[in-house]
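Structure first, then comments.
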Amino acid sequence: MAQQDPEERIELTSETRRLLEETDLRPLWEVEDTMGHVYDDLEADIWKWGDIKQAIDHVERDMPIEELPPGFQRRVAVPINTGMQNAISNTIYVGVQTVSPGETAPSHRHGANALRFTIDGSEDMKTVVAGEEFPMENNDLITTPQWEWHDHVNDSDETAMWLDVLDLPLILDSLNSTNVFENHELERQPVTKTQGYWDSQYGHARPAGESNDGGIPGPFEGIREPTPPYRFGWTEILETLRQRAENNNPDPYDGYSMAYVNPTTGQEPLFPTMSFRAQLLTEATEAHFHNATEVFFVIEGKGTTHVDGETLEWDQWDIFVVPPDKPHHHDPENDEAILLGMTDRPVFEAFNFYAESAADQ
Ligand SMILES: [Fe+2]
Ligand SMILES: [Fe+2]
(Lines give C-alpha, C1' and ligand atoms only; values in the text may rest on other atoms or scores of the structure.)
(Ligands and ions follow the chains in the order given, each with its own letter.)
Protein backbone atom coordinates (compact mmCIF):
# COMPACT_ATOMS: atom_id res chain seq x y z
CA MET A 1 0.00 0.00 0.00
CA ALA A 2 1.35 3.44 -0.91
CA GLN A 3 2.53 5.55 2.02
CA GLN A 4 0.50 8.66 2.65
CA ASP A 5 2.43 11.81 1.87
CA PRO A 6 3.26 13.35 5.26
CA GLU A 7 2.40 16.74 3.83
CA GLU A 8 -1.17 15.58 3.25
CA ARG A 9 -1.58 13.89 6.64
CA ILE A 10 -4.66 14.97 8.52
CA GLU A 11 -3.63 16.98 11.58
CA LEU A 12 -5.38 17.24 14.89
CA THR A 13 -7.31 20.45 15.21
CA SER A 14 -5.85 23.09 17.50
CA GLU A 15 -8.80 22.57 19.82
CA THR A 16 -8.02 18.82 20.17
CA ARG A 17 -4.34 19.59 20.62
CA ARG A 18 -5.07 22.06 23.42
CA LEU A 19 -7.46 19.62 25.09
CA LEU A 20 -4.85 16.85 25.03
CA GLU A 21 -2.17 19.11 26.47
CA GLU A 22 -4.41 20.39 29.23
CA THR A 23 -5.28 16.84 30.29
CA ASP A 24 -1.77 15.32 30.01
CA LEU A 25 -2.77 12.98 27.23
CA ARG A 26 -0.82 12.25 24.03
CA PRO A 27 -1.80 10.28 20.93
CA LEU A 28 0.13 6.97 20.66
CA TRP A 29 1.72 7.78 17.29
CA GLU A 30 3.51 10.71 18.89
CA VAL A 31 4.93 8.74 21.83
CA GLU A 32 5.64 5.28 20.42
CA ASP A 33 9.02 6.28 18.99
CA THR A 34 10.18 7.51 22.39
CA MET A 35 9.66 4.09 23.99
CA GLY A 36 12.79 2.08 24.72
CA HIS A 37 15.05 5.12 24.93
CA VAL A 38 15.16 5.86 28.65
CA TYR A 39 18.66 4.38 28.60
CA ASP A 40 21.29 4.60 25.92
CA ASP A 41 21.93 1.19 24.39
CA LEU A 42 24.23 -0.89 26.57
CA GLU A 43 27.72 -1.24 25.09
CA ALA A 44 30.06 -4.22 25.06
CA ASP A 45 32.84 -3.28 27.44
CA ILE A 46 35.60 -4.78 29.56
CA TRP A 47 37.26 -3.80 32.83
CA LYS A 48 40.81 -5.13 33.14
CA TRP A 49 41.81 -6.59 36.48
CA GLY A 50 44.99 -4.49 36.58
CA ASP A 51 42.91 -1.29 36.47
CA ILE A 52 40.37 -2.58 38.99
CA LYS A 53 43.09 -3.69 41.41
CA GLN A 54 44.91 -0.38 41.20
CA ALA A 55 41.66 1.48 41.91
CA ILE A 56 40.57 -0.66 44.84
CA ASP A 57 44.07 -0.52 46.38
CA HIS A 58 43.93 3.28 46.28
CA VAL A 59 40.38 3.40 47.62
CA GLU A 60 41.30 0.98 50.42
CA ARG A 61 44.29 3.13 51.36
CA ASP A 62 42.22 6.34 51.41
CA MET A 63 39.01 5.16 53.03
CA PRO A 64 38.56 2.90 56.07
CA ILE A 65 35.10 1.34 56.11
CA GLU A 66 34.13 3.14 59.32
CA GLU A 67 34.69 6.48 57.55
CA LEU A 68 32.18 5.68 54.81
CA PRO A 69 28.91 7.63 54.91
CA PRO A 70 25.96 5.92 56.64
CA GLY A 71 23.93 3.65 54.40
CA PHE A 72 25.41 0.69 52.62
CA GLN A 73 28.85 1.13 54.24
CA ARG A 74 30.63 -1.05 51.73
CA ARG A 75 33.99 -0.23 50.11
CA VAL A 76 33.42 -1.21 46.50
CA ALA A 77 34.79 -0.23 43.08
CA VAL A 78 31.86 -0.39 40.65
CA PRO A 79 32.27 -0.79 36.87
CA ILE A 80 30.06 1.76 35.12
CA ASN A 81 29.02 1.14 31.54
CA THR A 82 28.98 4.01 29.06
CA GLY A 83 25.49 5.45 29.15
CA MET A 84 24.78 4.07 32.64
CA GLN A 85 25.19 6.15 35.76
CA ASN A 86 25.70 3.54 38.42
CA ALA A 87 26.21 0.01 37.11
CA ILE A 88 27.52 -2.27 34.39
CA SER A 89 23.99 -2.75 33.05
CA ASN A 90 20.42 -1.64 33.70
CA THR A 91 19.59 -4.92 35.48
CA ILE A 92 22.78 -6.34 37.01
CA TYR A 93 25.24 -4.51 39.24
CA VAL A 94 28.72 -5.89 39.88
CA GLY A 95 31.45 -4.42 42.09
CA VAL A 96 34.74 -5.46 43.63
CA GLN A 97 34.64 -5.13 47.41
CA THR A 98 37.55 -5.19 49.85
CA VAL A 99 37.71 -5.67 53.61
CA SER A 100 41.09 -5.00 55.24
CA PRO A 101 42.52 -7.19 58.01
CA GLY A 102 40.55 -6.56 61.21
CA GLU A 103 37.78 -4.63 59.45
CA THR A 104 34.07 -5.39 59.47
CA ALA A 105 31.59 -4.28 56.84
CA PRO A 106 28.65 -3.77 59.22
CA SER A 107 25.48 -5.80 59.25
CA HIS A 108 22.50 -4.76 57.18
CA ARG A 109 19.74 -6.28 55.08
CA HIS A 110 17.83 -5.25 52.00
CA GLY A 111 15.34 -6.25 49.35
CA ALA A 112 17.94 -6.68 46.61
CA ASN A 113 19.32 -10.16 46.00
CA ALA A 114 23.10 -10.37 46.39
CA LEU A 115 25.91 -12.83 46.03
CA ARG A 116 29.65 -12.91 46.61
CA PHE A 117 32.19 -14.62 44.38
CA THR A 118 35.49 -14.72 46.24
CA ILE A 119 38.51 -13.43 44.33
CA ASP A 120 41.08 -13.43 47.11
CA GLY A 121 39.88 -14.83 50.42
CA SER A 122 40.67 -17.32 53.16
CA GLU A 123 38.92 -19.40 55.80
CA ASP A 124 39.33 -16.47 58.23
CA MET A 125 37.45 -14.09 55.90
CA LYS A 126 33.78 -14.61 56.69
CA THR A 127 30.58 -13.34 55.26
CA VAL A 128 27.98 -13.77 57.99
CA VAL A 129 24.55 -14.44 56.50
CA ALA A 130 21.38 -15.35 58.39
CA GLY A 131 23.27 -16.18 61.58
CA GLU A 132 26.00 -18.33 60.01
CA GLU A 133 29.64 -17.54 59.30
CA PHE A 134 30.48 -18.61 55.74
CA PRO A 135 34.22 -18.81 55.08
CA MET A 136 35.14 -17.05 51.83
CA GLU A 137 37.74 -19.18 50.13
CA ASN A 138 38.89 -18.50 46.59
CA ASN A 139 36.21 -18.93 43.91
CA ASP A 140 33.48 -19.77 46.44
CA LEU A 141 30.07 -18.39 45.51
CA ILE A 142 27.89 -17.43 48.48
CA THR A 143 24.31 -16.22 48.33
CA THR A 144 22.88 -13.35 50.35
CA PRO A 145 19.15 -13.75 49.82
CA GLN A 146 16.64 -10.94 50.14
CA TRP A 147 16.11 -9.54 53.61
CA GLU A 148 18.75 -11.67 55.34
CA TRP A 149 21.18 -9.88 57.66
CA HIS A 150 24.74 -9.90 56.36
CA ASP A 151 28.09 -8.53 57.49
CA HIS A 152 31.60 -9.22 56.27
CA VAL A 153 34.28 -9.89 58.88
CA ASN A 154 37.98 -10.18 58.05
CA ASP A 155 39.82 -12.01 60.83
CA SER A 156 42.74 -12.86 58.54
CA ASP A 157 45.91 -10.80 58.13
CA GLU A 158 45.39 -10.20 54.40
CA THR A 159 42.99 -7.90 52.57
CA ALA A 160 40.11 -9.93 51.19
CA MET A 161 38.35 -9.10 47.94
CA TRP A 162 35.40 -10.47 46.08
CA LEU A 163 32.89 -9.78 43.38
CA ASP A 164 29.50 -8.51 44.55
CA VAL A 165 26.56 -9.12 42.22
CA LEU A 166 23.16 -7.56 42.91
CA ASP A 167 19.96 -6.84 41.02
CA LEU A 168 19.97 -3.22 42.27
CA PRO A 169 19.64 -1.44 38.89
CA LEU A 170 16.68 -3.62 37.97
CA ILE A 171 14.84 -2.65 41.15
CA LEU A 172 15.97 0.95 41.56
CA ASP A 173 16.20 2.16 37.98
CA SER A 174 14.50 -0.15 35.52
CA LEU A 175 11.50 -0.70 37.82
CA ASN A 176 11.95 2.71 39.47
CA SER A 177 11.17 1.08 42.81
CA THR A 178 12.87 1.02 46.20
CA ASN A 179 15.40 -1.29 47.76
CA VAL A 180 13.91 -1.82 51.22
CA PHE A 181 16.90 -1.40 53.53
CA GLU A 182 17.74 -1.65 57.23
CA ASN A 183 20.95 -1.39 59.24
CA HIS A 184 21.41 -3.85 62.12
CA GLU A 185 21.64 -2.33 65.60
CA LEU A 186 24.93 -4.21 66.02
CA GLU A 187 28.00 -3.95 63.80
CA ARG A 188 28.18 -7.74 63.75
CA GLN A 189 24.99 -9.77 63.84
CA PRO A 190 24.95 -12.54 66.49
CA VAL A 191 26.22 -15.85 65.15
CA THR A 192 23.34 -18.18 65.94
CA LYS A 193 24.05 -21.11 63.63
CA THR A 194 26.87 -23.64 63.49
CA GLN A 195 29.14 -23.49 60.47
CA GLY A 196 27.73 -25.56 57.60
CA TYR A 197 24.15 -25.36 58.88
CA TRP A 198 22.51 -23.73 55.87
CA ASP A 199 24.31 -25.90 53.30
CA SER A 200 23.47 -29.05 55.25
CA GLN A 201 19.73 -28.39 55.21
CA TYR A 202 19.48 -28.23 51.42
CA GLY A 203 21.28 -31.45 50.46
CA HIS A 204 19.83 -34.86 49.75
CA ALA A 205 18.35 -35.11 53.26
CA ARG A 206 15.96 -32.38 54.34
CA PRO A 207 13.99 -31.63 57.48
CA ALA A 208 11.11 -34.10 57.49
CA GLY A 209 7.66 -32.59 57.38
CA GLU A 210 8.85 -29.03 56.72
CA SER A 211 8.42 -27.14 53.49
CA ASN A 212 12.05 -26.01 53.79
CA ASP A 213 11.23 -22.79 52.02
CA GLY A 214 13.76 -20.68 53.87
CA GLY A 215 11.10 -18.77 55.77
CA ILE A 216 12.18 -15.29 54.80
CA PRO A 217 10.63 -12.88 57.32
CA GLY A 218 9.50 -9.32 56.91
CA PRO A 219 8.27 -7.62 53.74
CA PHE A 220 8.98 -10.63 51.52
CA GLU A 221 6.59 -13.09 53.14
CA GLY A 222 4.71 -15.01 50.54
CA ILE A 223 7.67 -15.81 48.32
CA ARG A 224 7.23 -19.51 47.68
CA GLU A 225 10.71 -20.63 46.80
CA PRO A 226 13.26 -18.17 48.12
CA THR A 227 16.94 -18.71 47.64
CA PRO A 228 18.48 -19.96 50.89
CA PRO A 229 21.76 -18.68 52.29
CA TYR A 230 24.20 -21.09 50.65
CA ARG A 231 27.86 -21.56 49.80
CA PHE A 232 28.86 -23.22 46.55
CA GLY A 233 32.41 -24.39 47.29
CA TRP A 234 34.73 -24.14 44.33
CA THR A 235 36.20 -27.63 44.68
CA GLU A 236 32.81 -29.16 44.08
CA ILE A 237 31.89 -26.85 41.20
CA LEU A 238 35.23 -27.50 39.47
CA GLU A 239 34.73 -31.24 39.81
CA THR A 240 31.26 -31.00 38.22
CA LEU A 241 32.78 -29.06 35.30
CA ARG A 242 35.60 -31.58 34.82
CA GLN A 243 33.23 -34.54 34.98
CA ARG A 244 30.93 -32.79 32.51
CA ALA A 245 33.78 -32.19 30.09
CA GLU A 246 35.07 -35.77 30.41
CA ASN A 247 31.72 -37.30 29.55
CA ASN A 248 29.75 -34.92 27.34
CA ASN A 249 29.88 -32.59 24.38
CA PRO A 250 29.97 -28.85 25.12
CA ASP A 251 27.03 -26.54 24.59
CA PRO A 252 27.74 -24.85 21.23
CA TYR A 253 27.33 -21.35 22.65
CA ASP A 254 28.45 -21.62 26.26
CA GLY A 255 30.97 -24.47 26.44
CA TYR A 256 30.67 -26.88 29.35
CA SER A 257 28.20 -24.87 31.34
CA MET A 258 27.05 -25.77 34.86
CA ALA A 259 24.29 -23.70 36.48
CA TYR A 260 24.37 -22.69 40.12
CA VAL A 261 20.86 -23.89 40.95
CA ASN A 262 18.53 -22.72 43.67
CA PRO A 263 19.19 -25.35 46.38
CA THR A 264 15.51 -25.27 47.35
CA THR A 265 14.25 -26.32 43.93
CA GLY A 266 17.35 -27.92 42.41
CA GLN A 267 16.73 -25.77 39.33
CA GLU A 268 17.69 -22.46 37.78
CA PRO A 269 17.46 -19.61 38.46
CA LEU A 270 19.50 -19.15 41.60
CA PHE A 271 17.68 -15.86 42.22
CA PRO A 272 14.34 -14.81 40.70
CA THR A 273 16.20 -12.03 38.89
CA MET A 274 19.61 -13.49 38.03
CA SER A 275 21.14 -16.78 36.85
CA PHE A 276 24.76 -17.88 37.29
CA ARG A 277 26.88 -20.48 35.51
CA ALA A 278 30.42 -21.76 35.66
CA GLN A 279 31.52 -22.17 32.05
CA LEU A 280 34.52 -24.23 31.00
CA LEU A 281 35.69 -23.27 27.52
CA THR A 282 38.02 -25.64 25.71
CA GLU A 283 37.42 -24.43 22.15
CA ALA A 284 35.80 -21.52 20.32
CA THR A 285 32.03 -21.39 20.76
CA GLU A 286 29.51 -20.66 18.03
CA ALA A 287 27.90 -17.24 17.82
CA HIS A 288 24.42 -16.52 19.10
CA PHE A 289 22.43 -13.59 20.39
CA HIS A 290 19.64 -13.14 22.91
CA ASN A 291 17.66 -10.33 24.46
CA ALA A 292 19.04 -10.98 27.97
CA THR A 293 22.22 -9.23 29.14
CA GLU A 294 25.28 -11.29 30.07
CA VAL A 295 28.05 -10.21 32.43
CA PHE A 296 31.19 -12.33 32.71
CA PHE A 297 33.93 -12.64 35.30
CA VAL A 298 37.05 -14.53 34.23
CA ILE A 299 37.76 -17.19 36.85
CA GLU A 300 40.75 -18.70 35.07
CA GLY A 301 42.55 -18.46 31.74
CA LYS A 302 42.59 -15.95 28.94
CA GLY A 303 40.86 -15.50 25.62
CA THR A 304 38.67 -13.26 23.53
CA THR A 305 34.97 -12.66 23.22
CA HIS A 306 33.77 -11.24 19.93
CA VAL A 307 30.70 -9.05 20.27
CA ASP A 308 29.15 -7.74 17.08
CA GLY A 309 32.50 -6.89 15.45
CA GLU A 310 34.18 -5.82 18.68
CA THR A 311 36.91 -7.90 20.29
CA LEU A 312 37.15 -8.06 24.07
CA GLU A 313 40.48 -9.56 25.14
CA TRP A 314 40.21 -10.99 28.61
CA ASP A 315 42.50 -12.39 31.24
CA GLN A 316 42.01 -13.71 34.77
CA TRP A 317 39.65 -11.64 36.95
CA ASP A 318 38.63 -9.25 34.16
CA ILE A 319 34.94 -8.31 34.02
CA PHE A 320 33.08 -7.81 30.76
CA VAL A 321 29.53 -7.29 29.55
CA VAL A 322 27.66 -8.52 26.48
CA PRO A 323 24.66 -6.30 25.67
CA PRO A 324 21.24 -7.59 24.63
CA ASP A 325 20.74 -8.64 21.00
CA LYS A 326 24.47 -8.52 20.09
CA PRO A 327 25.87 -11.63 18.37
CA HIS A 328 28.78 -12.98 20.41
CA HIS A 329 31.08 -15.95 20.76
CA HIS A 330 33.97 -16.89 23.03
CA ASP A 331 37.43 -18.09 22.05
CA PRO A 332 39.80 -19.34 24.78
CA GLU A 333 43.45 -18.69 24.03
CA ASN A 334 44.84 -21.96 25.31
CA ASP A 335 43.20 -25.29 26.03
CA GLU A 336 41.01 -24.04 28.80
CA ALA A 337 39.39 -21.02 30.39
CA ILE A 338 36.65 -20.77 33.01
CA LEU A 339 34.12 -17.95 33.14
CA LEU A 340 31.48 -17.03 35.68
CA GLY A 341 28.48 -16.20 33.49
CA MET A 342 25.77 -13.96 34.97
CA THR A 343 22.52 -13.06 33.27
CA ASP A 344 19.17 -11.36 33.81
CA ARG A 345 17.53 -14.08 31.68
CA PRO A 346 15.13 -15.16 34.48
CA VAL A 347 13.44 -11.76 34.32
CA PHE A 348 12.74 -12.26 30.62
CA GLU A 349 11.61 -15.84 31.17
CA ALA A 350 9.24 -14.80 33.95
CA PHE A 351 7.38 -12.68 31.41
CA ASN A 352 7.72 -15.14 28.52
CA PHE A 353 9.95 -12.62 26.71
CA TYR A 354 13.21 -14.53 26.38
CA ALA A 355 14.43 -14.91 22.80
CA GLU A 356 17.65 -16.44 21.49
CA SER A 357 18.98 -17.32 18.07
CA ALA A 358 22.10 -18.64 16.36
CA ALA A 359 24.13 -15.97 14.54
CA ASP A 360 26.82 -15.81 11.88
CA GLN A 361 30.33 -15.79 13.32
FE1 LIG B 1 24.21 -5.67 51.41
FE1 LIG C 1 25.26 -15.66 25.23
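The values are calculated or read from the model by the stated rules, or taken from the named source; none is laboratory data. Just so we're clear, the structure is a prediction, and the values are computed from it rather than from any experiment. Quick reminder, even Gly has a Cβ in these numbers, built from the backbone with ideal geometry, and neighbours come from all protein chains shown. Just the protein is used for accessible areas: all its heavy atoms, side chains included, with ligands, DNA and RNA removed. Shrake-Rupley method; radii C 1.70, N 1.55, O 1.52, S 1.80 Å.
Does the range 131-191 come out rounded, prolate or oblate, given a ≥ b ≥ c as the square roots of the eigenvalues of its C-alpha gyration tensor, rounded meaning a/c under 1.5 and, failing that, prolate meaning a/b above b/c?
Values: a/c = 2.47, a/b = 1.51, b/c = 1.64.
Judged from the Cα gyration tensor, the range 131-191 comes out oblate (a/c at least 1.5, b/c at or above a/b).
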Query raised in the report: What is the sum of charges around Leu241, taking Lys and Arg as +1, Asp and Glu as -1, for the other residues whose C-beta is under 13 Å from the C-beta of Leu241?
Result: -4
**Report entry** Alpha-carbon centroids, the range 296-359 and the range 165-184: separation in whole Å
**Finding:** 25
Requested in this report: Rank-order 89-97, 298-306, 107-115 by packing density, defined as the average count of other C-beta atoms within 10 Å over each peptide's residues, highest first.
Outcome: 89-97, 107-115, 298-306
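Tally up the carbon and sulfur contribution to the accessible surface of the chain as a whole percent, 1.4 Å probe, everything protein left in place. Mind showing how you got there, number by number?
Details: 8670 of 18600 Å².
Reported share for carbon and sulfur atoms: 47 percent.
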Query raised in the report: In the range 45-358, with Lys and Arg counted as +1 and Asp and Glu as -1 at Cβ, which of these residues, Trp147, Trp49, Phe232, has the Cα nearest the positive end of the dipole, that is, farthest along it?
Result: Trp147
Query raised in the report: What is the distance in Å between the Cα centres of the range 25-48 and the range 53-93?
Result: 26
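Using only the heavy atoms of the protein chains and a 1.4 Å probe, how would Met136, Met63 rank by accessible area, largest first? Intermediate results must be reported in sequence, preceding the final value.
On the way: Met136 0, Met63 70 Å².
I get Met63, Met136, largest accessible area first.
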Query raised in the report: With the Cα gyration tensor of the range 267-331 giving a ≥ b ≥ c as the square roots of its eigenvalues, does the rule (a/c under 1.5 for rounded; else a/b larger than b/c for prolate; else oblate) give rounded, prolate or oblate?
Result: oblate
Report task. Note the per residue figure in Å³ for the convex hull of the C-alpha positions in the chain. Result -> 205
Report summary line: GNM of the chain, Cα pairs under 10 angstrom: of Trp29, Trp162, Trp147, the biggest fluctuation goes to Trp29
Query raised in the report: Leu19 accessible area, nearest 10 Å², 1.4 Å probe?
Result: 110
**Report entry** Residue-count net charge about Met63 - beta-carbon cut-off 12 Å; Lys, Arg +1, Asp, Glu -1
**Finding:** -3
Report task. Just check the range 65-105 against the gyration tensor rule for me: Cα atoms, a ≥ b ≥ c as the square roots of the eigenvalues, rounded for a/c under 1.5, and otherwise prolate or oblate depending on whether a/b exceeds b/c. Result -> prolate
Report summary line: Between the modelled labels at Asn248 and Asp325 (7 Å from Cα along Cα→Cβ) the distance in nm is 3.2
Requested in this report: Sticking with the crude label model, points 7 Å out along Cα→Cβ, report the distance from Trp29 to Glu310 in nm, one decimal please.
Outcome: 3.7
Report task. Return one whole number: the accessible area per residue of the chain in Å², for a 1.4 Å probe. Result -> 52
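His184 to Glu11: extension gain in nm, 0.36 nm per residue of separation minus the Cα-Cα distance? The partial results should precede the final answer.
Working: separation 173, 0.36 × 173 = 62.28 nm, distance 6.01 nm.
Separation in residues times 0.36 nm, less the Cα-Cα distance, equals 56.3 nm.
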